[in-house]
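Step one of this worksheet: look at the structure below.
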Amino acid sequence: MGDKPIWEQIGSSFIQHYYQLFDADRTQLGAIYIDASCLTWEGQQFQGKAAIVEKLTSLPFQKIQHSITAQDHQPTPDSCILSMVVGQLKADDDQVLGFHQTFLLKSFQGAWVCTNEVFRLSLHNV
């Protein structure tokens, strides 16, 4: 991993950490957001750490498993990192579904946090 640019190393580490938390215990996700963070989840918008965690913990499934197909990371001119993820997820006994998720990461008080996030299932012809 040392031959990758620093923004790819940070982005990849963040993505791995995010999905480990999401799949194991969504209540722990609050640590990666700040009060100014924004989430768009399937077109619904949420702002602030509390509102985002409330949305994520209220999703209607008991267990979930994400499988990451691809991830891309870019540095931004204002020292942030833009990360895009493509993958599949399986919630409870539902069918496997594709998804896209985008994160904007910012260094804040010595840690990388998510300031902006957009999630969409990859559903077609429904």
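Restricting to the stretch 1-21, give me the number of residues that are open to solvent by less than 40 Å² (accessible area, probe 1.4 Å) and acidic (Asp, Glu).
0
For the stretch 34-43, what are the residues that are open to solvent by 60 Å² or more (accessible area, probe 1.4 Å), touching a residue at least 24 places away in the same chain (Cβ under 8 Å) and either of a type in the set (Lys, Arg) or farther than 20 Å from HIS100 by Cβ (or both)?
Within the stretch 34-43, just ALA36 meets the criteria.
Look at the stretch 22-33 and say how many of its residues are crowded, with 16+ Cβ neighbours inside 10 Å and closer than 23 Å to THR76 by Cα.
Residues that pass the stated criteria total 2.
Give the number of residues within the stretch 44-66 that are farther than 14 Å from CYS114 by Cβ, open to solvent by less than 60 Å² (accessible area, probe 1.4 Å), of a type outside the set (Val, Ile, Thr) and part of a strand (DSSP E or B).
Adding up the residues that qualify gives 1.
Taking interchain pairs and intrachain pairs at least six residues apart, which have beta carbon atoms under 9 angstrom, with the first residue in the stretch 1-18 and modelled with pLDDT of 95 or more and the second part of a loop (DSSP other than H, G, I, E, B) and of a type in the set (D, E, K, R)?
SER12/LYS4
The values are calculated or read from the model by the stated rules, or taken from the named source; none is laboratory data. Computed from a predicted structure; not experimentally measured. Backbone-built Cβ (ideal geometry, glycine too); neighbour counts: all protein chains shown. Side chains included, ligands, DNA and RNA excluded: accessible areas come from the protein's heavy atoms. Shrake-Rupley method; radii C 1.70, N 1.55, O 1.52, S 1.80 Å.
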